[in-house]
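The values are calculated or read from the model by the stated rules, or taken from the named source; none is laboratory data. Small disclaimer: the values here were computed from a predicted structure and weren't measured. Cβ placement follows ideal geometry from the backbone for every residue including glycine, while neighbour counts extend to all protein chains displayed. For accessibility, only protein heavy atoms count, side chains too; no ligands or nucleic acids. Shrake-Rupley method; radii C 1.70, N 1.55, O 1.52, S 1.80 Å.
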Protein chains: 2
Amino acid sequence: MDTIETSKPQTEADDLVAYLRDTARLDADTPTALYQRLEDALRGAIRDRVLPPGGVIPGERELAQRLSISRVTIRKAIRALVDDRLLVQRQGARTAVAERVEKPVSVLTSFSQDMLARGLAPGTVWLAKDMGVALPAEAMELGLSPGTEVCRLRRLRTADGQPMALELSIVPAAYLPSPDLVETSLYTVLEERGHSPSRALQRMRSSIVGGNEAKLLGVPPGAPILEIERRVFLEGGQTVEYCRSLYRGDTYDFLVELHR
Amino acid sequence: MDTIETSKPQTEADDLVAYLRDTARLDADTPTALYQRLEDALRGAIRDRVLPPGGVIPGERELAQRLSISRVTIRKAIRALVDDRLLVQRQGARTAVAERVEKPVSVLTSFSQDMLARGLAPGTVWLAKDMGVALPAEAMELGLSPGTEVCRLRRLRTADGQPMALELSIVPAAYLPSPDLVETSLYTVLEERGHSPSRALQRMRSSIVGGNEAKLLGVPPGAPILEIERRVFLEGGQTVEYCRSLYRGDTYDFLVELHR
DNA sequence: CATGTGACTGGTCCTAAACTGGTTGCGTAC
DNA sequence: GTACGCAACCAGTTTAGGACCAGTCACATG
């Protein structure tokens, strides 16, 4: 028999059990699988710091008994979190919450944040701000119906006063009613208006700069540039920005983290 | 929240059943086929988030009973949505609403996989394979003690027969005892030997190709190239490969997915 | 101090019941 | 023929129990 006789007043464990019982709605009769609900509840407990990083969770048997759930189910839920690197299991030792969730480097940042992270002072020179009906190509990239209004922002971005990139941003007027709302950071304005970018796809290629753009960037024609085409999405999947940038190849590099 | 569900324990299921009953007009005598109406109703339920993505729908038998409809009809309606990838069926498990399946783009891939994903046939021309004591710079990049043995692989990678990239890979001999083990794919060999890459950091910049490399890549000197420097890590964090590549700027672009 | 024991941990295996979708066959109505 | 209903069976999943192994850790013993 694998019985358990614990009655120690472990407040932490009690808190967790209570949290799980509430969050997973163990008694409710939902169509969702039990282990699935428990998994989500555990995920929430880690997110809400009910389970602090580095802390340990109660034993599987104890959890099973106190939640009136089979150990199989507990293990199935835990297993999913272990696969996601949120929990760490070691035979013989208790299951623990992962110490540090490695913050991925592939993070969606604005130009300003990017430069600050490099220890450079970001700056902006406005080249054009306008508004109008989306061109067919723009409507296509943004997933808009033809005829929708869009804002266009054309800027020279600088770092420590030196030209770093040319940027053309196109944003549906639904998210940015006027280009004049943007002082320096487009993303700040979007966030303030409740349209937080959540995801982006970015295509990069190496290319050669032409005459006009070379002058603006302060490099000789024929210098290498990093062409970046970026489509930024909201939580719901709607495209909130389409952006084409030319970064100076001699002073800019892009860092990505790749997985699995 | 827990106390409100006195009259009806299955809130979620009840909501759906009510929604379907209303939307599909089950009792009405319309020329439209019953399964057709049910299908549209289910489609609406998904669109209106009555059925959230990732959620599960009640079992076919339960639906059939509660809607007073045959299971055959239920299945016929569900079948259509499965064909449209709106629902996901798995024998033994409940039918679930499809998650938005944005395939992750920031994935660690080998050159071969990358080219295949682009619909191109990957190829390799060996320029050099050798082995020796790590140079100080190499030891530094790989995090090795000075004097450790490393393998060096220098390859011209082709796509559909055309030169695409020059690649110099450096791998500690502990993970690759001999450079001759690699036929075409380094990652395949590493995986077979139990050293699966799990994570990589990649730095990219735009640059100009020099004379020798231009000849190998089949582009004129001064053509734009994408310089990629990649450090690949194992699960445990040890560096398993340090790689420098030059990709042709005119035919190669790199796609990344960024979050939050 | 070292060390060994025992209680506890997760890892793995098993049985079993109650469900799930998958499939087939038979029947009725239009 | 198509639409619809009913029923049985198969295969897979979920959940509940249990038992045993192997690793970990705290604590008493020397």
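List of remarks:
- Candidate set from the stretch A:158-167 (those that are of a type outside the set (Ser, Thr, Tyr) and without any contact (Cβ under 8 Å) to a residue 60 or more places away in the chain); member that is most open to solvent (accessible area, probe 1.4 Å): A:Asp160
Here's the yes/no breakdown for (1) within 14 Å of DNA strand C (Cβ to nearest atom); (2) touching a strand residue (DSSP E or B) at 6+ places or on another chain (Cβ under 7 Å); (3) modelled with pLDDT of 90 or more:
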site: A:Pro31; (1), (2), (3): yes, yes, no
site: A:Gln36; (1), (2), (3): yes, no, yes
site: A:Asp40; (1), (2), (3): no, no, yes
site: A:Asp48; (1), (2), (3): no, no, no
site: A:Val56; (1), (2), (3): yes, yes, yes
site: A:Leu63; (1), (2), (3): yes, no, yes
site: A:Arg66; (1), (2), (3): yes, no, yes
site: A:Ser70; (1), (2), (3): yes, no, yes
site: A:Lys76; (1), (2), (3): yes, no, yes
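- Odd one out for B:Ser68 among (1) within 16 Å of DNA strand D (Cβ to nearest atom); (2) more than 12 Å from chain A (Cβ to nearest Cβ); (3) in contact with a helix residue (DSSP H, G or I) (Cβ under 7 Å, 6 or more places away or on another chain): (3)
- Scope the stretch B:242-251; condition more than 7 Å from chain A (Cβ to nearest Cβ) and either within 15 Å of B:Arg157 (Cβ to Cβ) or of a type in the set (Gly, Ala, Ser) (or both); matching residues: B:Cys243, B:Arg244, B:Ser245, B:Leu246, B:Tyr247, B:Arg248, B:Thr251
- Within the set B:Arg61, B:Arg94, the sole residue that is over 24 Å from B:Tyr252 (Cβ atoms), assigned to a loop (DSSP other than H, G, I, E, B) and within 16 Å of DNA strand D (Cβ to nearest atom) turns out to be B:Arg94.
- Out of A:Arg118, A:Arg37, A:Arg85, one residue alone is on the phi > 0 side of the Ramachandran plot and either open to solvent by 80 Å² or more (accessible area, probe 1.4 Å) or free of Cβ contacts under 8 Å to residues at least 24 places away in the same chain (or both). It is A:Arg85.
- Selection within the stretch B:223-241: residues that are of a type in the set (Asp, Glu) and either farther than 24 Å from A:Arg248 by Cβ or more than 10 Å from chain A (Cβ to nearest Cβ) (or both). The member of this set that is most open to solvent (accessible area, probe 1.4 Å) is B:Glu235.
- Where a residue in the stretch B:128-146 is assigned to a strand (DSSP E or B) and its partner, wherever it lies, is open to solvent by 70 Å² or more (accessible area, probe 1.4 Å), with Cβ under 8 Å and at least six apart: B:Ala128/B:Arg154; B:Lys129/B:Arg154; B:Lys129/B:Asp180; B:Met131/B:Glu149; B:Gly132/B:Glu149; B:Val133/B:Glu149
- Filtered by the rule that a residue be open to solvent by 60 Å² or more (accessible area, probe 1.4 Å) and within 30 Å of the chain's Cα centre (by Cα), the stretch A:202-222 gives A:Arg203, A:Arg205.
- Cβ pairs under 8 Å, 6+ apart, first in the stretch A:180-197 and open to solvent by 100 Å² or more (accessible area, probe 1.4 Å), second assigned to a loop (DSSP other than H, G, I, E, B): A:Glu191/A:Pro197; A:Arg193/A:Tyr175; A:Arg193/A:Leu176
- Taking (1) under 20 Å from A:Asp84 (Cα atoms); (2) in contact with a helix residue (DSSP H, G or I) (Cβ under 9 Å, 6 or more places away or on another chain); (3) more than 14 Å from chain B (Cβ to nearest Cβ) in turn, A:Ala41 satisfies each apart from (3).
- The lone criterion from (1) among the β-branched types (Val, Ile, Thr); (2) open to solvent by 40 Å² or more (accessible area, probe 1.4 Å); (3) assigned by TED's automatic domain parsing to the domain that holds A:Ser207 left unmet by A:Ile170 is number (2).
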